[in-house]
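Data block below; observations after.
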Amino acid sequence: LSSCKEPLPTIPAAAPDFDPPGGDYGSAQTVVISTASEGASIRYTTDGSVPSEAYGEEYSGVPIQVTQTTTIKAIAYSEDLLASPVSEATYNIPGKVATPYTQPPAGTYAVAQTVTIKTNTDEATIYYTLDGSAPTASDGVEYTGELTIDKTTNIRAIAYKQGMTESNVMNVTFTIGVRVATP
């Protein structure tokens, strides 16, 4: 008597590939997962757990948006193949320094203002300009304390912290010496 059972698969699916590959990046990445095994499905995780044929999110072909340091683990599988080895890629994406802001806020004032420049990122270093030019660590003044603004001034500032992406540039104008109408 012969058995009518189909033989069990003996060849594993090709391990998933990541595009772009894991590595250090200065900004968010759009990651595509693929496998060389035609018709194979892919499951992945981003929480450190190991995916399997039954566990993890089914990859639908829509790229994964990676906006912070993340490890993606993926597995490929199909009815005709054994599950692939688990592939893993880590995307090191530093956080971004919070954009600087001023106290008091920019606006129109009748008299000179004592202005502080702050950021919500602890231990960040702020550089500013008062002439409307773009501030950088080399083309700006390091902020060390209050500024007295006694004439109309455009303040631009940027903040840096080691291991993070620099902030967006703050661009504000203080208009001084204009009589503010009384309601």
Inset, instruction - Among the numbered conditions (1) crowded, with 17+ Cβ neighbours inside 10 Å; (2) modelled with pLDDT of 95 or more; (3) farther than 19 Å from Ser52 by Cα, tell me where Lys118 comes up short. - result: (1)
Legend entry - Output for segment 61-74, where each listed residue is open to solvent by 50 Å² or more (accessible area, probe 1.4 Å) and modelled with pLDDT of 95 or more: Val62, Pro63
Legend entry - Failed item in (1) more than 30 Å from Asp17 (Cα to Cα); (2) assigned to a loop (DSSP other than H, G, I, E, B), with Thr116 passing the rest: (2)
Legend entry - Qualifying residue in segment 167-177 (condition: crowded, with 19+ Cβ neighbours inside 10 Å and in a strand (DSSP E or B)): yes
Inset, instruction - Hey, can you tell me all the residues within segment 121-153 that are part of a loop (DSSP other than H, G, I, E, B), of a type in the set (A, V, I, L, M) and open to solvent by 50 Å² or more (accessible area, probe 1.4 Å)? - result: Leu130, Ala134, Ala137
Legend entry - The lone exception for Ala106 - which of (1) over 30 Å from Gly56 (Cα atoms); (2) of a type outside the set (Ser, Thr, Tyr); (3) over 30 Å from the mean Cα position of the chain (by Cα) it fails: (3)
Inset, instruction - Please give the strands (runs of 3 or more DSSP E) falling wholly within segment 1-109 in which 2 or more residues are out of contact with any Ser or Thr (no Cβ under 9 Å at 6 or more places or on another chain) and touching a residue at least 24 places away in the same chain (Cβ under 8 Å). - result: 29-34
Legend entry - Matching entry among Gly39, Gly23 (being at positive phi and either open to solvent by less than 40 Å² (accessible area, probe 1.4 Å) or modelled with pLDDT of 95 or more (or both)): Gly23
Inset, instruction - Output the residue which, of all residues in segment 75-100 that are in contact with a Lys or Arg (Cβ under 9 Å, 6 or more places away or on another chain), crowded, with 19+ Cβ neighbours inside 10 Å and not aromatic (Phe, Trp, Tyr), is nearest to Asp47 (Cα to Cα). - result: Ala89
Legend entry - Residue ID - farthest from Ile176 (Cα to Cα), chosen from residues in segment 125-150 that are at pLDDT 95 or above and among the aliphatic types (A, V, I, L, M): Ile126
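The values are calculated or read from the model by the stated rules, or taken from the named source; none is laboratory data. Quantities reported herein were computed from a predicted structural model and do not represent experimental measurements. A quick note on method: Cβ atoms are made from the backbone with ideal geometry, for glycine too, and the neighbour counts reach across all protein chains shown. Only protein heavy atoms, including side chains, enter the accessible area calculation; ligands, DNA and RNA are left aside. Shrake-Rupley method; radii C 1.70, N 1.55, O 1.52, S 1.80 Å.
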